[in-house]
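See below for the structure under consideration.
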Amino acid sequence: MRRPYLSVALACLVWALLDNLGHLSVILRGGAWGAQVNSVLAMQCKGFGVFFAMRWIERRGGDRPAWWPYPCAVIAGAFGGSTFYWLLSQRLLSIATHYRGNAAYEPFASFVLRHGLHGVAICGLVAILYLALRDSLTRQGSLRTMQTQRAEAERQLAGAQLIAARSRVEPIELQRRLAELETLYEKSPALGETALLELSRMLRAAVYPEQG
């Protein structure tokens, strides 16, 4: 259960670090860290918002949910995560943003709209990649299951054919034919070859009666 949450957290952290590369010169000059902290919080809140929304859709939809709830989940998760991010960043921690200069507070509407649209774009792309990978793995798993079932059915069929062949071929009659075959080969290889072909036709008819 921990692996999906850790993967989402790491993916959001990596994206935030890449986003902060543009502000690397400001950091090196000893500038404020508010924008960098905001970037990390933003991706974590929006990423987990979309993650929980999609998890809810998958649990509600069963094995094969419809496609349309996923865009709704991305939109709801991105804007829901942005709302939580606004409460955490602007109301609780009072971290300044680039768009408000030195002001520590940005109004709810502009903040959530800006971050919500950004989250829809980024998380929507990730969601598309995730769904494509999930469907590919599901198809591969179904194919492996079908191949395993087919191999098991062929094994059972071969076993049933062998049992049927044993019931149609009398052991005593087979031993007598083999003894005659050995004697014929000693007397005349041509006669032995003819008898061997006849024995093979008899065994084939016993194993595959539908072809006889």
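A short reminder: the numbers here are calculations on the coordinates, not readings from a lab. Bear in mind that the values here come from a model prediction, so they are computed numbers and not experimental data. Cβ: placed from backbone, ideal geometry, glycine included. Neighbour counts: every protein chain shown.
Quick look at the numbers
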read-out: Computed FRET value (nearest 0.05) for THR138 with LEU174, which takes r as the C-beta separation and R₀ as 30 Å; value: 0.05
read-out: Neighbour-limited loop hits for chymotrypsin sites (Phe, Trp or Tyr not before Pro), segment 43-95 (at most 12 other Cβ within 10 Å; DSSP other than H, G, I, E, B); value: TRP67
